[in-house]
Amino acid sequence: MQTATAYYHPHPFQTSLKPQHQAVSSIPSGETSGMGLRMSVSHLLSRAYMLPCSAAAQAFNQLAQPTSRFQLALDVLFPLLDSNVELQKRILVSYILYSLYAPHPIAMNPFRSALVSTFDNEKEQAIRVSNAGGISENEQLIWVLWKILRGDGNDIAPFTPTNLATSPLPPKLRASNLSLEGDTPPDRPKFDPFGPTTVDGPNGSVRGNQDVFATAEQDKEANTFAEGMSLVLAARDRVLTLSEQRMLAPLIPHLAESAAITSIDLAPVISMNPAIAQPLLIALLIRASSTSLGISPYLEILRHLPPTLPSFDIIGRLLRDPTVINDPVTGGRTTVADLVRSEVLGWFIHEAIGWLDRAEQEEREGSISDDRFAKGLQNLCRFFNSLIKLGIIDPASDADSTEMAHFTLRNSIFEEANSLYRVLANGKF
């Protein structure tokens, strides 16, 4: 996969706005269709605020075949252009609608008239707010639309929708000073519209604004990052092949640092790919433990995993993991194994028992007809027994085993529960 090398400007608003490396995200073959495809686009829009606009646009392109992209954009993106949604989402939608036809002059873009209409309406509202002595909250959207409609959309490609939405505009870029009249699409991206950027040089000199070209190394890094992200997205929906797992493994630390992966991604990844979930979770914990974000969201996901084989697999792996991270309680250092033992394991067992009790009740009521209760009970008992053999759980400790002892006694008609109960009873007495 290749991306076109483009040059961009590091300060579109003359602020501390910092562009991210351009990245593309690809979705493996086997695309969904209909409602599933629209849901995938909606999920993409809700997640892409912290990635460059170009990354989100190319991810959208990978969700559907070229012949269906226009209809998908018309069904999902177009209604958001003038809707009352977050500013970041409207900026992202505007850029994606532009990017679909970016190789052609803006005049040939079938969404141009809609973009112009939105620009005019937003500008009119912003001017009314300005005349009343205020500043419209949509000034940044107006500027983005103005750049796109002038043919300068590539200038905003490296920036994230969040940065574009939150960076303050200089007065000369306010809506009242922006006009499309007389504009013609340029041959290439231009300098920032407000003129040369004057920045104090090392000796107090003034430097002009210069085009910054994406290097081959940056392009390679961006493509690698995008491939990794696409594999993480795919890992939520299917089991990755061995070659995909080998490709993804060395990229996990970098992906975790990007803040593009959140705690909500963990549960589906654990369900489909526990072997990948372990290093991914550890990388996320390391990052979160050293920032103000905290590790609680990740621990909470682990506590509420269902009693399935992938859940037992990941918890078992983590309980033996010696990786050292910051201790959120003491402020010192601890290991992943000790953290999961003290902060997750008891909750996980408690929640698993509750999950099985509900499954048993639903089975009695006829709400479900599968064997999830029997299989879940069997797997939980085997998992708990393995923890005893590893010395992680002490069967003689009331704190460790009381709840499980009551559960196994209640379900002693099952062989695995009966066997585990005898172990726990012998451990206590």
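Taking the conditions exactly as written (part of a loop (DSSP other than H, G, I, E, B), open to solvent by 10 Å² or more (accessible area, probe 1.4 Å) and acidic (Asp, Glu)), does GLU137 satisfy them or not? Please lay out each step first, then the result.
Numbers: part of a loop (DSSP other than H, G, I, E, B): yes; open to solvent by 10 Å² or more (accessible area, probe 1.4 Å): yes; acidic (Asp, Glu): yes.
It is true that GLU137 is part of a loop (DSSP other than H, G, I, E, B), open to solvent by 10 Å² or more (accessible area, probe 1.4 Å) and acidic (Asp, Glu).
Please find, among GLU362, GLU351, GLU416, the residue that is in contact with a Cys (Cβ under 9 Å, 6 or more places away or on another chain), assigned to a helix (DSSP H, G or I) and surrounded by fewer than 20 Cβ atoms within 10 Å (Cβ to Cβ). So that I can check it myself, show each step before the final result.
On the way: GLU362 fails: in contact with a Cys (Cβ under 9 Å, 6 or more places away or on another chain); GLU351 fails: in contact with a Cys (Cβ under 9 Å, 6 or more places away or on another chain).
Going through GLU362, GLU351, GLU416 in turn, just one is in contact with a Cys (Cβ under 9 Å, 6 or more places away or on another chain), assigned to a helix (DSSP H, G or I) and surrounded by fewer than 20 Cβ atoms within 10 Å (Cβ to Cβ): GLU416.
Mind listing whichever residues of region 156-188 are in contact with a helix residue (DSSP H, G or I) (Cβ under 6 Å, 6 or more places away or on another chain), open to solvent by 20 Å² or more (accessible area, probe 1.4 Å) and at pLDDT below 80?
PRO185
Report, by residue number, each residue of region 387-409 that is part of a loop (DSSP other than H, G, I, E, B), free of Cβ contacts under 8 Å to residues at least 60 places away in the same chain and hydrophobic (A, V, I, L, M, F, W, C). Spell out the reasoning first.
Initial filter on region 387-409 (part of a loop (DSSP other than H, G, I, E, B)): 390-397.
Next cut, free of Cβ contacts under 8 Å to residues at least 60 places away in the same chain only: 391, 393-397.
Answer for region 387-409, where residues must be part of a loop (DSSP other than H, G, I, E, B), free of Cβ contacts under 8 Å to residues at least 60 places away in the same chain and hydrophobic (A, V, I, L, M, F, W, C): ILE393, ALA396.
Would region 346-362 turn up any residue that is more than 22 Å from SER412 (Cα to Cα) and either within 31 Å of the chain's Cα centre (by Cα) or among the aromatic types (Phe, Trp, Tyr) (or both)? Step through it out loud before you land on a result.
Here is the first cut: in region 346-362, the ones more than 22 Å from SER412 (Cα to Cα) are 347.
Pick out the ones that are also either within 31 Å of the chain's Cα centre (by Cα) or among the aromatic types (Phe, Trp, Tyr) (or both) and you get 347.
The answer is yes; a qualifying residue exists.
Can you give me the number of residues within region 365-386 that are acidic (Asp, Glu) and outside any helix (DSSP H, G or I)?
Taking region 365-386 first, the residues acidic (Asp, Glu) are 365, 370-371.
With the extra rule that they be outside any helix (DSSP H, G or I), the set shrinks to 370-371.
Residues flagged as acidic (Asp, Glu) and outside any helix (DSSP H, G or I) within region 365-386 amount to 2.
The values are calculated or read from the model by the stated rules, or taken from the named source; none is laboratory data. Not measured: the values here are computed from a predicted model. Using ideal geometry, Cβ is built from the backbone for each residue, glycine included, and neighbour counts are taken over all protein chains shown. Note: areas computed on protein heavy atoms with side chains; ligands, DNA, RNA excluded. Shrake-Rupley method; radii C 1.70, N 1.55, O 1.52, S 1.80 Å.
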